[in-house]
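Peer 1: Have a look at the structure that comes next, please.
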Amino acid sequence: MYYGEIKKIDIANGDGVRVSLFVSGCRIHCPGCFNAMTWDFCYGQEFTRDTEDEIIEALGKEFISGLTVLGGEPFEPENQKVLAPFLRRVKEIYPKKDIWCYSGYIYETEIASPTGKVHTDSTDEMLSCIDTLVDGPFIEAEKDISLVFRGSRNQRILKLH
């Protein structure tokens, strides 16, 4: 898996001050996407154990509320294989910090359902680590800059845990 950016202080992508990981790779290709360069699965840098350690260290600051994973698309099957064990590691080290995840896929039908478009052997583990999921594709006609933590009115903020 590759990633485009790590923001060690981010207030735009979830409650509180967060560390945000922008993964690479997305097949949805929403028109008007704010981060279209991350559609390429090889954009940015390779996500390694050193990358994990860097994020783990950044999460250690007392004022950091948690981790946000967005993209690109975290629920692309290739990304899930890497993210599921990483998110488990984050939860084990920081059980009181929350994890937010943004996905252009729909939770009930495409992610959580065993017959969902992107459901894999890693999906349930990944979902068990995510506290808040913002789901749904960005729809330019539904764009609303007054919304908090989402780009278009169709997107939902789902509390999973």
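The values are calculated or read from the model by the stated rules, or taken from the named source; none is laboratory data. Just so we're clear, the structure is a prediction, and the values are computed from it rather than from any experiment. Virtual Cβ from ideal backbone geometry, glycine too; neighbours counted across all protein chains shown. Just so you know, the surface numbers come from the protein's heavy atoms only, side chains and all, with ligands and any DNA or RNA stripped out. Shrake-Rupley method; radii C 1.70, N 1.55, O 1.52, S 1.80 Å.
Peer 1: Do you know which residues across the stretch 117-151 are open to solvent by less than 10 Å² (accessible area, probe 1.4 Å), assigned to a loop (DSSP other than H, G, I, E, B) and not hydrophobic (A, V, I, L, M, F, W, C)?
Peer 2: Within the stretch 117-151, Gly136 is the sole residue that qualifies.
Peer 1: List the number of the failed condition for Asn79; all other conditions in (1) part of a loop (DSSP other than H, G, I, E, B); (2) buried (at least 19 other Cβ atoms within 10 Å of the Cβ); (3) of a type in the set (S, T, N, Q) hold.
Peer 2: (1)
Peer 1: Any chance you could count how many residues in the stretch 103-129 are in contact (Cβ under 8 Å) with a residue 60 or more places away in the chain and under 11 Å from the mean Cα position of the chain (by Cα)?
Peer 2: Residues that pass the stated criteria total 1.
Peer 1: Identify, from the list Thr68, Thr123, Thr109, Thr132, the residue that is under 19 Å from Gly4 (Cβ atoms) and modelled with pLDDT of 95 or more.
Peer 2: Thr68
Peer 1: Please determine, by comparing only the residues of the stretch 23-60 that are more than 23 Å from Glu92 (Cβ to Cβ) and in a helix (DSSP H, G or I), which one is least open to solvent (accessible area, probe 1.4 Å).
Peer 2: Residue satisfying both the conditions and the ranking: Thr38.
Peer 1: Output yes when any residue across the stretch 96-103 is in contact with a strand residue (DSSP E or B) (Cβ under 6 Å, 6 or more places away or on another chain) and either over 18 Å from Leu21 (Cβ atoms) or hydroxyl-bearing (Ser, Thr, Tyr) (or both), and no when none is.
Peer 2: Yes, that holds for at least one residue.
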